[in-house]
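The values are calculated or read from the model by the stated rules, or taken from the named source; none is laboratory data. Keep in mind that what you see is a predicted model, and the values were worked out from it rather than measured. Neighbour counts run over all protein chains shown; Cβ positions are idealised from the backbone, glycine included. Remember, those area values only see protein heavy atoms, side chains included, never the ligands or the DNA or RNA. Shrake-Rupley method; radii C 1.70, N 1.55, O 1.52, S 1.80 Å.
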Amino acid sequence: MPATTQPIPAPPRLGLAGIAIESSTFTPYRSGADDFEVRRGTMEILDRYPFEPPTADYVGILHARALPGGQLDREVYEGWKAEIVEGLAAAMAEAPLDGFFFDIHGAMSVVGLDDAEGDLITAIRAVIGPEVVVGTAMDLHGNVSHTLFEACDLLTCYRHAPHIDAWETRERGLRDLVEAAARVRDGGPRPHKALVHVPILLPGEKTSTRIEPAKSLYARIPELTERPGVTDVSYWIGFAWADQPRCQAAIVAFGDEAEAVAAAAKELATAVWEKRHEFEFVAPTGTFEDCLDQAIASSARPFWISDSGDNPGAGGADDTTHALAQLAAREEIRADQVSALMVSLVDPATTDAAWEAGVGGRLTARVGGKIDAREPGPVPLAVEVAALDESATTGRSAALRVLEADPSAGPSTDPTVLAAARPTGLTVVVTARRSQWATASMFVRLGLSMTGFDVVTVKMGYLEPEQYAAAADWLLALTPGGVDQDLLRLGHSRIPRPMIPFDAEIPAPTAADVVIGGGA
């Protein structure tokens with residue numbers, strides 16, 4: 001008799017949606033719709049992935065992504081949530097979903113909500129039901145609340161900071177979701193999962209995987225995932241610049257064997273606890289004044305300084321002037337004995353005035369300090385427009401060469417006022433949109449170079465790969481701002497206690513701390 005051919009199972013049907021932003025609750029900035037890139041529909045959403053998604057029948061609804069910022073406007077969030085829920089309801093009416101990929105960052109804050117991702121996935125679960133397999137792939141600086149853990153079957157996050165594996169993580173998350181969704185659809189079991197919270201809340205600048213102990217802690221993950229019955233293990237640092245009960249470190253594991261998954265999660269959580277007093281900053285630190293003293297005195301060129309308290313990549317307003325004022329006042333820079341670059345401050349008014357003046361034009365302006373107006377506030381400067389550019393990332397931008405002139409007369413483009421002014425060694429970049437200057441190509445667009453100045457001050461925390469490669473030496477300035485590295489200065493009041501660094505000691509994880517789920 002001829003052999004019978006088994007039919008090839010249809011690929012699982014997966015929904016795609018999410019809102020991705022990292023939000024400081026300590027910055028005065030409020031994130032709105034204009035801060036986001038919004039994609040709708042299957043092709044637009046899949047096009048953001050620089051890899052070939054695993055085979056599935058995808059149904060894309062809405063994905064919104066933004067540079068880190070402040071809390072998201074509640075009305076904007078509710079509108080996108082409603083659109084996602086309605087889109088998924090329509091998709092479910094057409095045909096059942098086998099899986100759903102929750103594409104998020106994990107540290108979104110929304111005005112009036114303590115757990116924005118938990119609120120969103122709860123609304124989604126109410127529509128897709130309990131049987132659909134849900135997976136998520138997150139930033140390791142996200143938070144895993146009990147609500148998020150209970151609503152998701154598979155949770156994974158990055159294993160590197162800086163995040164060189166962001167797309168690799170999403171690919172891994174999608175691959176595991178497609179496999180699990182197909183298995184459950186065909187009658188197989190859901191993955192087992194385990195969560196252990198560790199009451200440690202540290203900035204990314206103390207937990208970079210470039211240095212110990214994070215380097216070795218994350219290096220343990222591949223071995224844990226190779227154990228029988230364990231598919232994935234992840235370590236979330238948590239998000240330090242939000243004052244919410246969910247903000248703390250978390251370990252999540254999932255796989256086919258309940259005991260192996262729980263043991264892996266507890267083992268890594270215990271390893272983190274054992275290193276709880278060993279986390280240090282990724283670079284030497286000091287006040288900005290101290291860092292500038294060292295940079296000017298050093299023979300290393302270029303010497304980079306991170307204005308870390310106002311890092312827009314963590315949610316800072318991107319316009320505090322603590323560093324700018326000191327650069328502008330420094331005698332060696334004023335005399336053009338030391339060249340210095342400050343990049344960048346968001347200041348649409350100054351940027352527009354520079355565009356009106358044109359390249360070579362001279363004007364005075366009050367730069368920065370318009371969102372986060374803490375001391376010293378807007379800095380009066382006389383400047384010459386060195387270069388102009390416009391891009392989707394920055395909006396309009398301008399490189400401004402600071403002049404040695406009296407700016408007290410107020411904004412002016414009268415050439416007679418500034419014609420005799422002498423250029424100093426300071427160049428300042430202003431932009432219309434909050435932006436993080438992490439790549440060489442952004443500098444080149446304004447005719448600048450990452451290595452073309454003696455001292456480069458950038459609104460960053462730890463340096464991203466291209467910045468790190470460009471710096472001959474660097475320091476992390478502990479500057480004030482909405483993402484202050486000195487967490488005790490910020491005034492957290494709603495996080496669980498005890499917690500490091502707010503308390504001297506925390507208890508070791510026990511079996512009672514392991515939250516288990518899945519497997520049904």
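The table below gives the values:
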| item | result |
| --- | --- |
| Residue among ARG227, ARG183, ARG220 that is open to solvent by 10 Å² or more (accessible area, probe 1.4 Å), among the charged types (D, E, K, R) and more than 30 Å from PRO12 (Cβ to Cβ) | ARG220 |
| Selection count where residues are surrounded by 22 or more Cβ atoms within 10 Å (Cβ to Cβ) and either under 17 Å from the mean Cα position of the chain (by Cα) or within 17 Å of ARG433 (Cβ to Cβ) (or both), scope region 27-64 | 5 |
| Filter result for the condition that a residue is out of contact with any helix residue (DSSP H, G or I) (no Cβ under 8 Å at 6 or more places or on another chain) and without any contact (Cβ under 8 Å) to a residue 12 or more places away in the chain, over ALA335, ALA353, ALA387, ALA329 | ALA329 |
| Every residue from region 303-345 that is touching a Gly at 6+ places or on another chain (Cβ under 8 Å) and among the β-branched types (Val, Ile, Thr) | THR320, THR321, ILE333, VAL338 |
| Test result for PRO509, outside any strand (DSSP E or B), under 26 Å from GLU274 (Cα atoms), in contact with a helix residue (DSSP H, G or I) (Cβ under 6 Å, 6 or more places away or on another chain) and open to solvent by 10 Å² or more (accessible area, probe 1.4 Å) | yes |
| Given (1) part of a helix (DSSP H, G or I); (2) hydrophobic (A, V, I, L, M, F, W, C); (3) over 21 Å from HIS322 (Cβ atoms); (4) open to solvent by 50 Å² or more (accessible area, probe 1.4 Å), number of the condition ALA349 does not satisfy | (3) |
| Residue count, region 383-406 (criterion: on the phi < 0 side of the Ramachandran plot, assigned to a strand (DSSP E or B) and not hydrophobic (A, V, I, L, M, F, W, C)) | 8 |
| Within region 311-324, considering residues that are closer than 17 Å to GLN467 by Cα and not polar (S, T, N, Q), the one surrounded by the fewest Cβ atoms within 10 Å (Cβ to Cβ) | GLY313 |
| Residues of region 48-102 satisfying the condition of being in a strand (DSSP E or B) and not aliphatic (A, V, I, L, M) | ASP57, TYR58, GLY60, HIS63, ARG65, GLY69, GLY70, GLN71, GLY99, PHE100, PHE101, PHE102 |
| Evaluation of PRO7 against (1) open to solvent by 20 Å² or more (accessible area, probe 1.4 Å); (2) in contact (Cβ under 8 Å) with a residue 12 or more places away in the chain; (3) assigned to a loop (DSSP other than H, G, I, E, B) (one fails), failing number | (2) |
| Exclusive hit being at pLDDT 95 or above, farther than 22 Å from LEU67 by Cα, buried (at least 18 other Cβ atoms within 10 Å of the Cβ) and not small (Gly, Ala, Ser), set ASP454, ASP484 | ASP454 |
| Residue ID - farthest from the chain's Cα centre (by Cα), chosen from residues in region 108-138 that are of a type outside the set (A, V, I, L, M, F, W, C) and either crowded, with 23+ Cβ neighbours inside 10 Å or in a strand (DSSP E or B) (or both) | GLY135 |
| Residue among LEU388, LEU400, LEU446, LEU426 that is under 24 Å from ASP336 (Cα atoms), open to solvent by 30 Å² or more (accessible area, probe 1.4 Å), hydrophobic (A, V, I, L, M, F, W, C) and modelled with pLDDT of 95 or more | LEU388 |
